[in-house]
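Peer 1: Please read through the structure below; I'll follow up with questions.
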Amino acid sequence: MPRVWDNFVYNWLAGFLQDWVAFLIMGIVVMAIILNFLALLVMVLQYMDRRLIARFQVRFGPNRVGPSGLLQPIADTIKLLTKEDLRPRLADPLVFTLAPLVVFLGGTLAFAVIPFNRSGFLADLNVGILYIFAITSLGAVGIFMAGWSSNNKYSLFGAMRAVAQLVAYEVPVVVSILGVVLITESLSLVDIVEKRDIPLILLQPLGFLIYLAAATAEVGRPPFDLLEAESELIAGYHTEYNGMRWALLQLGEYVATFAVAAVVTTLFLGGWKGPGPAVLGYVWFMLKALFVYLLILWVRASLPRVRIDQLMGFAWKFLLPLALLNVFITAAEALMWPDFPWLLVPVNIAIALGLVVLWSSLFQLRAYRKVEA
Amino acid sequence: MSQQQNELVTEPVILNMGPHHPSTHGVFRMRVALDGETIVDMEPVLGYLHRGIEKLAEAKTYVQVVTLTDRQDYVAAMTNNMAYVMAVEKLSGIKVPERAEYIRVIMAELMRIASHLMAIGFFLNDLGVFQTVIVYCFREREKVLDLFEMASGQRINFSYMRPGGVIQDLPPQFIPQLKQLLAELPGYFDEYEQLINENEIVLARTKELGVLPADKAINASASGPVLRGSGVAFDLRKADPYSAYPRFQFDIPTGTRGDAYDRYLVRVAEMRQSLRILQQAVEQMPTGPHRTRTPWLIRPPAGDAYAHIESPKGVLGVYLVSDTGISPYRYKVRPPSLINLTTLRDLVVGCKLADCIVIFGSIDVNMGEVDR
């Protein structure tokens, strides 16, 4: 049996029930909490998204419904719920209907193993990281289903791009995490947080940067939002979706993005750790995750989109070699100094910066430099 | 032969971009043949915004036609007005007072700034910085429109110019507010250049993209920033000076490569040159009447006249034929947008789908002017 919660509710339940009954009840309760939490969170994220992006763009954003526009997400949800349910006549009905669910599930299931606090998780899998990468890839399948079944050329292009992009970025994402696994000698997310006292971003600055970039691309956020590239493909894979199906796709995207933020928090920023009593762990976790989300948002407001060939080049020629180098360096360090002294922190940061600068001069996004030479 | 037939046959995907598309700037339609993401052929389909302005003009008096010219290039209505009234003045020999010429130049240069701001904003929009740059550009454009509103009472369709001058004199608070704007704008332009010029993704996406060589540009009769981006220093304000332009000092910014990035740079540089012209115009501003008296119904002598100006998009020409009636016998526009647009096919074939949008954005056409 995997490690289970160590909180008073579970202990109290286990006091007069059989173990597995208590486990079942507790599991259902936590699942319900997480699902509802995510639904609410998406509202918060959406509000944050719109307000902050508006600020980046010297405008106000939603400020009419409720105080400071706080009720805007609720109004939007009501609007989406009451919209007519349209489906193109030539769309594949089954796949078209299933696709939003698959996209949504991909992001949501990742939260099963993410520890919000020391005992605030649904399950502590001993292969938690593998599980997350496996399950978030489901989103790619859903996006392809959506694009393919819509019977629309823009959707199809979005879907094709999505497959190419998500498959390509899966590789640097996984390789960049290997450094963390080497340091913590565990694949369980709870272990990873508990193993080291310092946030792993200090020991793995390069891994952090690669993971953030690659994961941003994997969930299709700008500047890698080619799968729904508004100025090129109208809305990409979800061009034909409306009403609640569209909402579900959006929900899936927000949840997947927040999942990235949560994984970054867990792996690199020390998860729930922070000063104060244990119960504050939830707060710390959310603060860190929202900060990472803010970073992703910030990029969205400020960077143009890359082109498909540049996107693939960035994954295979830039991120992947750096991620592999990172693994080698971390492995060497783990062999020589197994307990990772503090001295390694500045060394690692220097190595990370040096490698990024070196590789940037070797690999150019811009093709024109070659023309000039 | 039969073996070849058994092989997997591929054919290009035909994608209709537009007329309903977020990035076709109105109702342009590109019939794009795609091999994967690469464009193998592109056929522009025009005419979705055709309103028959040239025909309508034949049933309106010479002054009424001014309102039609507003609707040609609706983001640069002042310059349309100007080209038209200059043609009417040429046709009927109306003299324009000095002050009116200065007001016209001020309006035309402000219009250039407003139009280029939109062009830059939408160009970046096409690149994928969705909404951000465009809102910043609109912030400044609003200030220019405020000035126009002050002078003409309108924000988009000004109808401000009349044969013989402008409809009304500048209000007293116009010049102070213009001076304030002139002081503010360089800072804003610096801001754009800081944020955009050295952005790695912008460079990667726009440099060496959509290269229009100088000879091709000349052969296509392209004009405006599209021509100057290719390195040809041709500007009607210098080449065939009209209105009060001979009295002002300014340079013609040109690009070197003729790619999308150069066209963007030329636009920013042109806005700075416009500021220079505005500065001089404000300082030299003469007093006097703003309009010569013209008859209610202008009846030009039989004949024809062609007037052209450097509009924000390029050389805007107006050809008028009179049969001594109260309305033009023929009103013909040389729309810079349409002629610049004819270069598009050569530029996009071989590029990626995403580039097609960027190149189109860098040419900066206005469909109202293309279709008329």
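The values are calculated or read from the model by the stated rules, or taken from the named source; none is laboratory data. Not measured: the values here are computed from a predicted model. Cβ coordinates were reconstructed from backbone atoms using ideal geometry, including for glycine residues, and neighbour counts include every protein chain displayed.
Here's the yes/no breakdown for (1) of a type in the set (Val, Ile, Thr); (2) under 26 Å from residue B:171 (Cβ atoms); (3) touching a residue at least 60 places away in the same chain (Cβ under 8 Å):
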| position | (1), (2), (3) |
| --- | --- |
| B:43 | no, no, yes |
| B:51 | no, no, yes |
| B:55 | no, no, no |
| B:58 | no, no, yes |
| B:76 | no, yes, yes |
| B:80 | no, yes, yes |
| B:84 | no, yes, yes |
| B:103 | yes, yes, yes |
| B:109 | no, yes, yes |
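Peer 1: Using the structure shown, decide if residue B:37 is acidic (Asp, Glu), touching a helix residue (DSSP H, G or I) at 6+ places or on another chain (Cβ under 6 Å) and modelled with pLDDT under 85.
Peer 2: Yes: the conditions hold for residue B:37.
Peer 1: With the condition kept exactly as written, say whether any residue in the range A:291-312 is out of contact with any Lys or Arg (no Cβ under 6 Å at 6 or more places or on another chain), closer than 26 Å to residue A:197 by Cβ, in a helix (DSSP H, G or I) and without any contact (Cβ under 8 Å) to a residue 40 or more places away in the chain.
Peer 2: Yes, the range A:291-312 contains at least one residue that is out of contact with any Lys or Arg (no Cβ under 6 Å at 6 or more places or on another chain), closer than 26 Å to residue A:197 by Cβ, in a helix (DSSP H, G or I) and without any contact (Cβ under 8 Å) to a residue 40 or more places away in the chain.
Peer 1: Quick check: is even one residue across the range A:355-372 touching a Gly at 6+ places or on another chain (Cβ under 9 Å), modelled with pLDDT under 85 and under 18 Å from residue A:226 (Cβ atoms)?
Peer 2: yes
Peer 1: Another one. Condition check: part of a helix (DSSP H, G or I), crowded, with 21+ Cβ neighbours inside 10 Å and either away from chain B (no Cβ under 14 Å) or touching a residue at least 60 places away in the same chain (Cβ under 8 Å) (or both). Does residue A:173 satisfy that?
Peer 2: So residue A:173 fits the description; yes.
Let's see how each residue does on (1) within 14 Å of chain A (Cβ to nearest Cβ); (2) without any contact (Cβ under 8 Å) to a residue 40 or more places away in the chain; (3) crowded, with 22+ Cβ neighbours inside 10 Å:
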residue: B:99; (1), (2), (3): no, no, no
residue: B:116; (1), (2), (3): no, no, yes
residue: B:120; (1), (2), (3): yes, no, yes
residue: B:123; (1), (2), (3): yes, no, yes
residue: B:141; (1), (2), (3): yes, yes, no
residue: B:149; (1), (2), (3): no, yes, no
residue: B:154; (1), (2), (3): no, yes, no
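Peer 1: Please verify whether the range B:52-67 includes one or more residues that are within 14 Å of chain A (Cβ to nearest Cβ), within 20 Å of residue B:334 (Cβ to Cβ), in a loop (DSSP other than H, G, I, E, B) and not acidic (Asp, Glu).
Peer 2: Step one: of the range B:52-67, the residues within 14 Å of chain A (Cβ to nearest Cβ) are none.
No, that holds for no residue.
Peer 1: crowded, with 21+ Cβ neighbours inside 10 Å, in contact (Cβ under 8 Å) with a residue 12 or more places away in the chain and over 28 Å from residue B:352 (Cβ atoms): does that describe residue A:220?
Peer 2: Spelling it out, it is not the case that residue A:220 is crowded, with 21+ Cβ neighbours inside 10 Å, in contact (Cβ under 8 Å) with a residue 12 or more places away in the chain and over 28 Å from residue B:352 (Cβ atoms).
Peer 1: Moving on. Across the range A:297-319, what is the total count of residues that are away from every other protein chain (no Cβ under 14 Å) and either buried (at least 21 other Cβ atoms within 10 Å of the Cβ) or farther than 20 Å from residue A:226 by Cα (or both)?
Peer 2: 2
Peer 1: Which residue, of A:54, A:14, is within 14 Å of chain B (Cβ to nearest Cβ) and surrounded by 16 or more Cβ atoms within 10 Å (Cβ to Cβ)?
Peer 2: It is A:54.
Peer 1: May I ask you to verify whether residue A:236 is within 13 Å of chain B (Cβ to nearest Cβ) and either free of Cβ contacts under 8 Å to residues at least 24 places away in the same chain or farther than 21 Å from residue A:78 by Cα (or both)?
Peer 2: Yes; evaluated as a whole, the condition is true for this residue.
Peer 1: Considering only the range B:333-372, state which residues are within 14 Å of chain A (Cβ to nearest Cβ), surrounded by fewer than 22 Cβ atoms within 10 Å (Cβ to Cβ) and not charged (D, E, K, R).
Peer 2: First, the residues of the range B:333-372 that are within 14 Å of chain A (Cβ to nearest Cβ): B:348, B:350-362.
Okay, now just the ones that are also surrounded by fewer than 22 Cβ atoms within 10 Å (Cβ to Cβ), so B:350-352.
Within the range B:333-372, B:350, B:351 qualify.
Peer 1: Would you check which residues across the range A:263-306 are within 27 Å of residue A:130 (Cα to Cα) and of a type in the set (D, E, K, R) and list them?
Peer 2: If the condition is that a residue be within 27 Å of residue A:130 (Cα to Cα) and of a type in the set (D, E, K, R), then A:273, A:288 are the ones that fit.
Peer 1: Can you pull out every residue in the range B:19-51 that is of a type in the set (Gly, Ala, Ser) and under 23 Å from residue A:312 (Cβ atoms)? Please lay out each step first, then the result.
Peer 2: Step one: of the range B:19-51, the residues of a type in the set (Gly, Ala, Ser) are B:23, B:26, B:33, B:36, B:47.
Answer for the range B:19-51, where residues must be of a type in the set (Gly, Ala, Ser) and under 23 Å from residue A:312 (Cβ atoms): B:23, B:33, B:36.
Peer 1: Of the residues B:53, B:14, which single one is farther than 30 Å from residue B:251 by Cα and in contact with a Lys or Arg (Cβ under 6 Å, 6 or more places away or on another chain)?
Peer 2: Values: B:14 fails: in contact with a Lys or Arg (Cβ under 6 Å, 6 or more places away or on another chain).
So the residue among B:53, B:14 that is farther than 30 Å from residue B:251 by Cα and in contact with a Lys or Arg (Cβ under 6 Å, 6 or more places away or on another chain) is B:53.
Peer 1: Are any of the residues in the range A:270-289 touching a residue at least 40 places away in the same chain (Cβ under 8 Å) and within 14 Å of another protein chain (Cβ to nearest Cβ)?
Peer 2: No - not one qualifying residue is present in the range A:270-289.
Peer 1: Give the range A:122-143 a look and list any residue that's farther than 15 Å from residue A:260 by Cα and not charged (D, E, K, R), or say none.
Peer 2: Scanning the range A:122-143 gives A:122, A:123, A:125, A:126, A:127, A:141, A:142, A:143.
Peer 1: In the set A:196, A:245, A:300, which member is touching a His at 6+ places or on another chain (Cβ under 9 Å) and of a type in the set (D, E, K, R)?
Peer 2: A:245
Yes/no per residue for (1) under 28 Å from residue A:153 (Cβ atoms); (2) under 17 Å from the mean Cα position of the chain (by Cα):
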site: A:34; (1), (2): no, yes
site: A:45; (1), (2): no, yes
site: A:49; (1), (2): no, yes
site: A:54; (1), (2): no, no
site: A:69; (1), (2): no, no
site: A:95; (1), (2): yes, no
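Peer 1: Does residue B:319 satisfy the criteria of being among the aromatic types (Phe, Trp, Tyr), crowded, with 21+ Cβ neighbours inside 10 Å and under 21 Å from residue B:221 (Cβ atoms)?
Peer 2: no
Peer 1: Among helices (runs of 4 or more DSSP H) lying entirely in the range A:59-143, which contain 3 or more residues that are under 22 Å from residue A:43 (Cα atoms) and not assigned by TED's automatic domain parsing to the domain that holds residue A:243? Show your work before the answer.
Peer 2: On the way: elements: A:72-81, A:93-109, A:128-136.
Helices (runs of 4 or more DSSP H) meeting the threshold: A:72-81.
Peer 1: Considering only the range B:262-372, give the helices (runs of 4 or more DSSP H) lying wholly within it that have at least 2 residues that are in contact (Cβ under 8 Å) with a residue 24 or more places away in the chain and over 28 Å from residue B:166 (Cα atoms).
Peer 2: Because the criterion is at least 2 residues that are in contact (Cβ under 8 Å) with a residue 24 or more places away in the chain and over 28 Å from residue B:166 (Cα atoms), the helices (runs of 4 or more DSSP H) in the range B:262-372 that meet it are B:336-341, B:344-348, B:353-363.
Peer 1: Please specify each residue of the range A:184-210 satisfying the condition of being among the acidic types (Asp, Glu), at pLDDT 80 or above and outside any helix (DSSP H, G or I).
Peer 2: So the first thing to find is which residues in the range A:184-210 are among the acidic types (Asp, Glu), and the list is A:185, A:191, A:194, A:197.
Now narrow it down to the ones that are at pLDDT 80 or above: A:185, A:191, A:194.
Within the range A:184-210, just A:185 meets the criteria.
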